[in-house]
Each structure stands twice: as C-alpha cells, then as structure tokens.
Amino acid sequence: MKAKIFSALYFLIFAAFAYLQFNDPDPMFWITIYGMVAIVSMLRLFGLYHRWGFFVITISLLGIACFYLPGLVEYLIQPNKNEIVGQMVYKKPYIEETREFIGLLMAAGAMYHLGKLK
C-alpha cells in the first residue's frame, strides 16, 4: 500500500515538474528527465517494474548531476545564498546549475526510494 501511495505521489510531482519545464532554456532535456521519472513511477504504481531498473536510473541521474557540481560549488562559495530563489541572471549561470543539480538529486532520490519499497 505504501508503495502505491509513493508511486502516485512521485508520478504527480514529476509530471508537474516536466510540465513546468516548457519555459526552460533547454526544455526537451528536462521534460525527458522528469517525464521518465513520472512514467517509471506510474509503471511502479501498476506493478510493472524491476528493482534493477530503479538502480540503473538512480545511478544515471546521479551521473548526470555530476556535470552540475561546478555550478553548485560556485553557488556555495557565494555570500548571497538567497539568489537561488530569485530570477535567473545570465551573468550567474551557477544559479540555474544549482537548481538543476537539486532537481536531479530529487529525481534520483525518488527513484532510489521507489526501488527500496516493497
């Protein structure tokens, strides 16, 4: 029962994330990432899954997140941490890279969690 609740919740969250990416500078990449997580969550809801699939997706998402680590590090050394909730500033690409890193971690966390549920 718990797996079905979390599967439905993750489906709704990541489907919404995918929909909100249409205004992103690179929408197809992020719609694909978040859409994949939503679809896999929906498949888990209906019992169509393999535990190794969650492991592979989790590792893949974490691997992609590594490409955004330099932006995260640059953000962490900045004195003003409130920029993360503000508008994107083209002179500060680390803000968007940090947001993307966090999004990938959330997606990886959801896949890991769904893979561990019985």
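Every number here is computed from the coordinates shown, using simple stated rules; none is lab data. Note that this is a predicted model, so its numbers are computed, not measured. Here the Cβ is made from the backbone with ideal geometry for all residues, glycine too, and neighbour counts use every protein chain on show.
Just to check I understand the Karplus step: with θ = phi - 60° and J = 6.51 cos²θ - 1.76 cosθ + 1.60, what whole-Hz values come out for the stretch 70-82, glycine and proline as x?
x, x, 5, 4, 4, 5, 5, 8, 6, x, 9, 7, 6
In debye to the nearest 20, how big a dipole does the stretch 2-116 give about its Cα centre with +1 on each Lys and Arg Cβ and -1 on each Asp and Glu Cβ? Display every interim value, and only then the final one.
Working: 9 positive and 7 negative charges, 115 e Å.
The dipole of the stretch 2-116 has a size of about 560 debye.
Please list, or write none, the lysines whose alpha carbon is within less than 22 Å of the alpha carbon of Lys118, excluding same-chain residues fewer than 8 places away.
Once the sequence-local lysines are set aside, what remains near Lys118 is Lys2, Lys4.
Kindly write out, for the stretch 98-112 in residue order, the coupling ³J(HN,Hα) from the Karplus curve 6.51 cos²θ - 1.76 cosθ + 1.60 (θ = phi - 60°), rounded to whole Hz, with x marking Gly and Pro.
5, 4, 5, 4, 5, x, 5, 5, 5, 5, 5, x, 5, 5, 4
Which net charge results for the neighbourhood of Ile33, defined as the other residues with beta-carbon distances under 14 angstrom from its beta-carbon, given Lys and Arg at +1 and Asp and Glu at -1? Please report the intermediate quantities before stating the final value.
Values: positive: Arg99; negative: Asp24, Asp26, Glu100.
Within the 14 Å Cβ shell, the charges total -2.
List the lysines whose Cα sits under 29 Å from the Cα of Lys81, skipping any in the same chain fewer than 8 residues away.
In chain and number order, the partners are Lys91, Lys92.
So for the chain, averaging the separation of alpha carbon pairs under 8 Å that are six or more residues apart and normalising by length, what relative contact order in percent results? Intermediate values should be presented prior to the final figure.
On the way: 119 pairs, mean separation 37.7, N = 118.
32 percent.
Can you tell me what percent of all Cα-Cα pairs in the chain are more than 23 Å apart? Please report the intermediate quantities before stating the final value.
On the way: 2360 of 6903 pairs.
Roughly 34 percent, once rounded to a whole number.
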